[in-house]
Amino acid sequence: QKVLTAQLRDMEEKGLVSRKVYAEVPPRVEYSLTDLGKSLKPILDAMRTWGENYKAQNM
């Protein structure tokens with residue numbers, strides 16, 4: 001939990017995610033990708049494809 005929170009805060013500072021806090025009990029926080037974060041999708045998709053191909057060739 002602590003590591004996840006630190007990583008989300010770091011991504012928020014870098015403009016990759018936005019954070020919305022709800023005034024509820026218990027407290028609730030929602031994260032969503034910003035346009036900058038969404039721009040990483042093609043890169044992540046390419047990395048996933050590479051990994052799947054690598055795995056298929058090395059089994």
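A few points about this structure:
- Among the residues making up the stretch 23-38, none is aromatic (Phe, Trp, Tyr) and loosely packed, with under 10 Cβ neighbours inside 10 Å.
Table: residues versus (1) of a type in the set (Ser, Thr, Tyr); (2) on the phi > 0 side of the Ramachandran plot; (3) at pLDDT 95 or above.
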| site | (1), (2), (3) |
| --- | --- |
| Glu13 | no, no, yes |
| Arg19 | no, no, yes |
| Leu33 | no, no, yes |
| Leu40 | no, no, yes |
| Leu44 | no, no, yes |
| Gly51 | no, no, yes |
| Tyr54 | yes, no, yes |
| Met59 | no, no, no |
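- Those residues of the stretch 7-21 which are without any contact (Cβ under 8 Å) to a residue 24 or more places away in the chain, surrounded by 10 or more Cβ atoms within 10 Å (Cβ to Cβ) and either hydrophobic (A, V, I, L, M, F, W, C) or not in a helix (DSSP H, G or I) (or both), in sequence order: Leu8, Lys14, Gly15, Val17, Ser18, Arg19
- Of the residues making up the stretch 39-57, one or more are surrounded by 10 or more Cβ atoms within 10 Å (Cβ to Cβ), without any contact (Cβ under 8 Å) to a residue 12 or more places away in the chain, part of a helix (DSSP H, G or I) and within 12 Å of the chain's Cα centre (by Cα).
- Residue check, Gln1 exposed (fewer than 11 other Cβ atoms within 10 Å of the Cβ) and either without any contact (Cβ under 8 Å) to a residue 12 or more places away in the chain or on the phi > 0 side of the Ramachandran plot (or both): yes
The values are calculated or read from the model by the stated rules, or taken from the named source; none is laboratory data. Nothing here was measured: the structure is a model prediction, and the numbers come from that model. Because the Cβ atoms are built from the backbone with ideal geometry, glycine has one as well, and the counts that use them run over all protein chains shown.
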